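Comments concern the structure below.
Please treat every number below as a calculation from the coordinates, not as lab data. All values derive from a computational prediction rather than experimental measurement. With ideal geometry, Cβ positions are generated from the backbone for all residues, glycine too; neighbour counts draw on all protein chains shown.
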Amino acid sequence: MSTSTETRRGSLACVGLGMTLGSHLTPLARSHITQSDVVFAGLSDGIVEAWLQRMHADVRSLQPYYREGKSRATTYREWVAVMMAEVRAGKRVCGVFYGHPGIFAWSPHKVIEVARAEGFHAHMEPGISAEDCLYADLGIDPGRFGCQHFEASQLLLFERRIDPTGYLVLWQVGHVGDQSLARFRATGPAYRQLFVDLLAQDYPLDHELIVYRAATLPIQQPRIRRFALRELPHIELTAEETVVLPPARAMKPNQAVRARLAELEAMEAAGEPA
Ligand SMILES: C[S@@+](CC[C@H](N)C(=O)[O-])C[C@H]1O[C@@H](n2cnc3c(N)ncnc32)[C@H](O)[C@@H]1O
């Protein structure tokens with residue numbers, strides 16, 4: 001690790017392209033792309049990749065590293081390795097990822113960490129994520145009741161505390177329970193039933209479940225489908241969808257804290273230091 005303030009030749013920027021082709025790219029992300037020597041693309045589809053290629057002559061797709069039966073963890077380590085090889089060769093490297101490069105995305109965080117540890121300049125430029133589109137399209141303000149986000153398999157595999165008085169946003173539900181990380185197809189109804197059983201500890205089975213897909217092409221509209229929680233095992237679900245459970249219960253006032261606050265306010269009113 002470099003201890004001097006001097007950084008080595010070669011640099012890295014991981015930028016987000018946003019969700020909707022053409023309309024979400026920020027001027028700063030665009031300038032990172034156009035000013036780099038080599039661009040690596042971790043994008044959702046070929047049309048978006050073709051659009052990126054119009055911005056730079058050397059766009060290298062990261063898609064071929066995926067393979068059915070190969071763990072995505074291996075693929076993501078390979079992405080870090082190919083990007084770092086060019087950084088170490090002294091190139092200005094730009095990694096372009098759909099949405100926000102730092103949201104539910106391991107490689108961009110990792111490659112920045114590795115580049116910095118080796119003394120290279122590395123930067124993450126945010127983008128409009130599925131989460132941002134979801135708030136706009138579903139009319140949800142996460143500040144109203146609070147909002148928890150979980151990766152679906154993590155929620156299934158670890159003991160987490162769900163707060164059903166706020167919104168619950170579930171990512172990668174299509175792959176819920178896939179411990180191999182090697183499947184391309186969605187996991188089956190039995191896996192999702194396990195997930196429903198877990199959620200049913202906090203939500204009634206007829207609770208609303210929203211399946212949301214943000215528009216990725218300008219000609220598309222967002223897709224919003226509403227179901228009952230119990231239907232989840234049997235609905236068609238793609239890898240590009242996020243699931244939302246609205247609050248199931250009213251927030252409960254914290255009477256103990258309110259009483260202590262009232263005491264503080266009374267002390268202040270009496271001129272005592274609170
Ligand atoms: C690996 S994460 C990538 C998220 C991305 N970095 C972002 O900023 O939105 C993939 C998950 O993002 C969500 N996702 C991807 N595309 C989406 C879309 N078009 N609409 C809604 N959610 C989407 C799904 O939950 C999917 O399982």
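Sequence neighbours fewer than 8 away in the same chain don't count; with that in mind, list the lysines whose C-alpha is under 23 Å from residue 252.
Of all the lysines, none pass the test against residue 252 - Cα under 23 Å, at least 8 places apart if same chain.
Treat each spin label as a single point 7 Å out from the Cα along the C-beta direction, and report the residue 85 to residue 159 distance in nm.
That separation, rounded to one decimal, is 4.5 nm.
So what is the calculated 222 nm ellipticity per residue for the chain, using -39500 (n - 2.57) for each DSSP H run with n of 4 or more, over all residues, to the nearest 500 deg cm²/dmol?
After summing the helix terms and dividing by the residues of the chain, the value is -9500 deg cm²/dmol.
Straight distance only, please: which lysines reach the Cα of residue 110 with their own Cα at less than 21 Å, same-chain residues fewer than 8 apart left out?
70, 91
For a Förster distance of 22 Å, can you work out the FRET efficiency between the beta-carbons of residue 51 and residue 123, rounded to the nearest 0.05?
For R0 = 22 Å, the calculated efficiency reads 0.45.
Determine, for 106, 171, the number of other Cβ atoms within 10 Å of each Cβ, and report the residues in order from fewest to most.
So the ranking, lowest neighbour count to highest, is 106, 171.
For residue 217 paired with residue 183, estimate the spin-label separation in nm (one decimal), with each label point 7 Å from Cα along the Cα-to-Cβ line.
Simple spin-label model gives 2.8 nm for this pair.
Using the per-residue mean of other Cβ atoms lying within 10 Å as a proxy for protection, in what order, highest first, do the peptides 195-202, 98-105, 118-125 fall?
Most protected by this proxy first, the peptides run 98-105, 118-125, 195-202.
If the only charges are +1 at each Lys and Arg Cβ and -1 at each Asp and Glu Cβ, what is the size of the charge dipole of the chain around the Cα centre, to the nearest 20 debye?
Using Cβ point charges on Lys, Arg, Asp and Glu, the chain gives about 740 debye.
Among 234, 24, which comes first, second and so on when ranked by fewest other beta-carbon atoms within 10 Å?
In increasing order of surrounding Cβ atoms, one gets 234, 24.
Could you work out how far the C-alpha centroid of the stretch 235-250 sits from that of the stretch 44-77, in angstrom?
Between the Cα centres of the stretch 235-250 and the stretch 44-77 lies a distance of 27 Å.
Treat the count of other C-beta atoms within 10 Å as a stand-in for reagent exposure and order 94, 133 from fewest to most.
By the 10 Å Cβ count, ascending, the order reads 133, 94.
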